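Below is one structure, written out as structure tokens; the observations come after it.
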Amino acid sequence: MRLKTFRAFSLSEALDAVQEDLGPTASILHTRTFKQGGFLGLGSRDVVEVIASEARDGGVEQATMNGCLT
């Protein structure tokens with residue numbers, strides 16, 4: 001299983017990067033949002049982090065990018 005972490009300024013950008021790199025059947029394992037940059041909280045931006053893995057062959061259930069289970 002190959003795990004990768006993707007960071008972007010929006011969830012849709014992060015999911016697009018996951019789909020481009022790992023394919024449309026990638027499994028999303030974890031997401032979180034945090035603030036990055038700025039000074040004492042001023043000027044910081046929200047960043048979305050997604051941890052995803054490649055789809056494994058022979059798996060019982062795999063989450064697809066469109067939210068359906070196959």
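The values are calculated or read from the model by the stated rules, or taken from the named source; none is laboratory data. None of these values were measured; they are calculated from a predicted model. Neighbour counts are summed over all protein chains in view; Cβ atoms, including those assigned to glycine, are modelled from backbone coordinates with ideal geometry. Areas reflect the complete protein model, heavy atoms only, side chains present, ligands, DNA and RNA absent. Shrake-Rupley method; radii C 1.70, N 1.55, O 1.52, S 1.80 Å.
The set of residues in the range 1-24 being closer than 10 Å to VAL48 by Cα and among the charged types (D, E, K, R) consists of ARG7, GLU13. Quick check on the range 35-42. Is at least one of its residues loosely packed, with under 13 Cβ neighbours inside 10 Å, of a type in the set (S, T, N, Q) and either modelled with pLDDT under 95 or assigned to a strand (DSSP E or B) (or both)? Yes, some residue in the range 35-42 is loosely packed, with under 13 Cβ neighbours inside 10 Å, of a type in the set (S, T, N, Q) and either modelled with pLDDT under 95 or assigned to a strand (DSSP E or B) (or both).
From the set of residues in the range 43-53 that are in contact with a Gly (Cβ under 9 Å, 6 or more places away or on another chain) and open to solvent by 20 Å² or more (accessible area, probe 1.4 Å), which is nearest to MET1 (Cα to Cα)? Talk me through it step by step, then tell me what you get.
Taking the range 43-53 and keeping what is in contact with a Gly (Cβ under 9 Å, 6 or more places away or on another chain), we get 43-45, 47.
Add one more test, that the residue is open to solvent by 20 Å² or more (accessible area, probe 1.4 Å), and what stays is 43-45.
Numbers: GLY43: 37, SER44: 34, ARG45: 31 Å.
Restricting to residues being in contact with a Gly (Cβ under 9 Å, 6 or more places away or on another chain) and open to solvent by 20 Å² or more (accessible area, probe 1.4 Å), the top hit is ARG45.
Only residues that are in contact with a helix residue (DSSP H, G or I) (Cβ under 8 Å, 6 or more places away or on another chain) and free of Cβ contacts under 8 Å to residues at least 24 places away in the same chain were counted across the range 1-32, and they come to 1.
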